[in-house]
Amino acid sequence: MQRDVDVIVVGAGLSGLTAARAVLRAGFEPLVLEASDRVGGRILTEEPLPGVFLELGAQWIGDTHHRMAALAEELGIGLYPQFEEGETSYEFAGEVLRGAAFHRKYDDDLAAVDRVLRELDRMAASVSVAEPWAAPDAEEWDRISVGQWYDAQGLSPLGRELLDICTVGILAVPTVEVSLLGLLVNVVTCGVTADLLSESEGGAQTRRFVGGTALIPQRLAELLGDRVELDSPVLSIEHSADSVTVTCRGGLVARGRQVVVALAPTLAGRIMYDPPLPAKRDQLTQRMPQASAHKMFAVYDEPFWRADGLNAQLISSVGPARMSNDSCMPEETGGPGIILGFLEGESARIEGRWPAAQRQEAFRDELARHFGPRAGRPELIVEGGWADKEWTRGCYNANPGPCGWIHFGDALATPVGPIKWAATETALVWSGYMEGAVDAGERAAREVLADLS
Ligand SMILES: Cc1cc2nc3c(=O)[nH]c(=O)nc-3n(C[C@H](O)[C@H](O)[C@H](O)COP(=O)(O)OP(=O)(O)OC[C@H]3O[C@@H](n4cnc5c(N)ncnc54)[C@H](O)[C@@H]3O)c2cc1C
């Protein structure tokens, strides 16, 4: 089958869908080619019980995620606040302590961690998201890993471990795999370290979508109608100055004038390009691995921890989950109690590969240590990782390894003739998040439209 359009978009994640929508609104014909049998990519909502939505993929937006909030409003999807009242539970140095007791005992360690975070904010202020490699200290900061830099900050073992867990909670890879400059880019695209780490005002995790995040890509796809082709993995892109021919597994061939590749860089690198991409772009895609995260949901008859003054958040040096969250439906609709545990970085790679029965038993034991014996008896556990998904191969996003930004960074979003690059990794704001996916999709559409006109 052959289709002739103006703009081909590869990938029906949020970035590809928003790019296609912008192209359509400008009066041109887009066609979105999606490898899998659904839209949404790293957004995936499951409904194991009627009205109970579990986000195996993206779950929250923050107060400064204005594009996502506007999209939800436009698509008629409600938002509800993340529940966070109560104490967090900590497991360090062989004991489990509730928030107030933990803070009393480790006040000095926590103050030292806070000083390191403030120093990161100070350094990030000299980094431009558009050109991180041009920061005055970029060379030095891109040659050292986040882990090495943390080691040199004179923290106590507890402070060092706490900082590591929180950072891995953002990057989803061990801190030795990302450069200090890479972390600073993450900080500066999102605001300040507090915005990345916190669920309170300004943070990345303050609100959720009523009915599930997947409603967003589903409704965007409805607007595009038959301009979205599922089950169409793109194998190759032939391109000249003003035309592209995109071939899919299964035989669909799409011809157009421009193409937006809305895939994480490593997946974009698996497509065959004719003529081949510039060396720098290809070497970039060889250096931006997808991170590793795995979510585990424990479902109970009610959120019993709330009456106990707990917020269902844990931070643990033991695991298998290193962090957790209250993941219930809106308070006014009631429903079951749900705790979400995160296995990120090494935990996803090690405990995430254990047999499910072993991992779930360890998770139940861990929840009982933090939230009492009732927490060890969930009615249901639902879990999932992303490395095994053929068209994602890891999450939450991708960061270049050490020296990646200074040597290859400028190839990340620079168009190659009629090929424009989208996906959250290429965003200038909230890169790695849904907000970034929309930002990148809209930017790629602007580049396409500029060339078309
Ligand atoms: C477990 C998890 C939790 C997360 N939590 C949050 C959160 O709470 N808040 C937040 O803001 N963000 C979160 N994120 C990140 C967020 O999901 C992503 O930033 C965003 O969805 C990325 O959208 P995208 O369009 O850039 O990429 P993707 O969603 O990856 O879209 C790419 C699309 O391309 C398709 N594709 C791949 N290869 C091909 C090919 N060869 N041909 C055709 N199609 C192809 C894929 O199937 C996919 O549909 C989370 C992600 C995960 C996985």
- Query: Where Rh denotes the Kirkwood radius from the mean inverse Cα pair distance, what is Rg over Rh for the chain?
  - Reply: 0.97
- Here the range 143-153 yields Karplus 3J(HN,Hα) values (6.51, -1.76, 1.60; θ = phi - 60°; whole Hz; Gly and Pro given as x) of 8, 10, 7, 4, x, 4, 5, 4, 4, 8, 8
- Round to the nearest 10 and give me the degree value, 0 to 90, for the angle of helix 157-171's Cα axis relative to the longest principal axis of the chain. 30
- Note on the structure: About its Cα centre, the chain carries a charge dipole, from +1 on Lys and Arg Cβ atoms and -1 on Asp and Glu Cβ atoms, whose size in debye to the nearest 20 is 760
- Message: Ranking request for peptides 170-177, 11-18: highest mean number of other beta-carbon atoms within 10 Å first, then the rest in descending order.
- Response: 11-18, 170-177
- Message: Quick check: at a probe of 1.4 Å, how many percent of the accessible area of the range 305-453 sits on carbon and sulfur atoms?
- Response: 51
- Counted charge near Gly147, where neighbours are those whose Cβ lies closer than 12 Å (Asp, Glu -1; Lys, Arg +1): -4
- Put +1 on the Cβ of each Lys and Arg and -1 on the Cβ of each Asp and Glu in the chain; which of Leu310, Phe28, Leu223 then has its Cα farthest toward the positive end of the dipole? Phe28
- Starting at 0 and stepping by 5 Å, how many percent of the alpha carbon pairs of the range 342-388 end up in each bin? 5, 20, 29, 24, 15, 6, 1
- Query: How far is helix 215-224 tilted off the main Cα axis of the chain, in degrees rounded to 10, range 0 to 90?
  - Reply: 10
- Query: If the range 108-197 were replaced by its equivalent ellipsoid, with semi-axes equal to the square roots of 5 times the Cα gyration tensor eigenvalues, what would those be, largest first, whole Å?
  - Reply: 20, 13, 12
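The values are calculated or read from the model by the stated rules, or taken from the named source; none is laboratory data. Keep in mind that this is a model prediction, so the values were computed, not measured. Cβ sites come from the backbone with ideal geometry, for glycine too, and all protein chains shown count toward neighbours. Note: accessible area is taken over every heavy atom of the protein model, side chains too, but ligands, DNA and RNA are not part of it. Shrake-Rupley method; radii C 1.70, N 1.55, O 1.52, S 1.80 Å.
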